[in-house]
Amino acid sequence: MPLTGPFLVPQFIDVESKIFGPITTRQFLIMMVAAMLDFLFYKMFFANTAIIVIVINSGIFMIVAFLKINGMPFHYFFVNLMQTLLRSSIRVWQRMEVTTLPPVEKTEVKKEFVPKAVIPESRLSSLSLTINTGGAYKEED
C-alpha cells in the first residue's frame, strides 16, 4: 500500500542534547576527563607546580569542550587543520595510458537535412483559433 499524507522530516539533527542547562553530553564528558586529570596532577605534583599544570590542562580542555569555529566544535576544526597541514600542498596529475582496451573504430554518421513541410499561414491561424477557443471553433472545409 503506498504511503500518503504528510511525512515527518527530522529537523535540528545537528543540535546536541543538553543534560545540565547549556552543557551538552559531549562537553560534560570532556570536562569529566579534565577533572580526573586535574586530580591526578594534584596528587602527583607539589602545590605550586600542580596549580600551574591544572590551569593549563583545564584551559586546553575548556577550549576543546566549548569553543566553536564556523559553527563546528573545536576538535573537528583541529582534526581538519592537522589533515590540511600534513597533506602535500602540490597536487600532480600523472596521466596513465590505458592499454587494456582495444582501439575503437570510428564510424561516420551521415546526417541528411530533411526540411519539414511549411504550414501555410492561413492554416496556422485557423489552428491557433481552434486552440484558443478550446475547440469551439471548427474549421470550414
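Just so it is clear, none of the values below were taken in a lab; they were calculated from the coordinates. Only a predicted model underlies this, so the values are computations on that prediction, with no experimental measurement involved. Here the Cβ is made from the backbone with ideal geometry for all residues, glycine too, and neighbour counts use every protein chain on show.
For region 32-141, what D do you get in µm² per second when you plug the Kirkwood radius from alpha-carbon pairs into Stokes-Einstein at 37 °C and 0.692 mPa s? Mind dumping the intermediate values first?
Numbers: Rh = 23.9 Å.
My calculation gives 137 µm²/s for D.
For region 121-134, 3J(HN,Hα) computed residue by residue from phi via the Karplus equation (6.51, -1.76, 1.60; θ = phi - 60°) reads 5, 5, 5, 5, 5, 6, 5, 4, 5, 5, 5, 5, 8, x Hz, glycine and proline entered as x.
Here's the picture: charge each Lys and Arg Cβ at +1 and each Asp and Glu Cβ at -1 in the chain, and of L124, L40, T24 the one pushed furthest to the positive end of that dipole is L40.
Charging the Cβ of each Asp and Glu at -1 and of each Lys and Arg at +1, and nothing else, the dipole of the chain about its Cα centre rounds to 660 debye. Using C-alpha pairs below 8 Å separated by at least 6 residues, the relative contact order for the chain is 11 percent.
Chymotrypsin sites (Phe, Trp or Tyr not before Pro), restricted to region 56-99: which are DSSP loop and have at most 14 other Cβ atoms within 10 Å? Kindly include the intermediate steps, with their values, before the conclusion.
Details: sites: F61, F66, F74, Y76, F77, F78, W93; in loops: W93.
Hits after loop and neighbour filter: W93.
In this label model, F39 and L85 are separated by 3.3 nm, measuring between points 7 Å along each Cα→Cβ vector.
Taking a straight line from the alpha carbon of K68, these lysines sit under 23 Å away, with near neighbours fewer than eight places off in the same chain left out: K18.
Taking a ≥ b ≥ c as the square roots of the Cα gyration tensor eigenvalues, with a/c under 1.5 meaning rounded and otherwise prolate when a/b beats b/c, else oblate, which class fits region 18-86? The partial results should precede the final answer.
Working: a/c = 2.95, a/b = 1.46, b/c = 2.02.
The shape class here is oblate.
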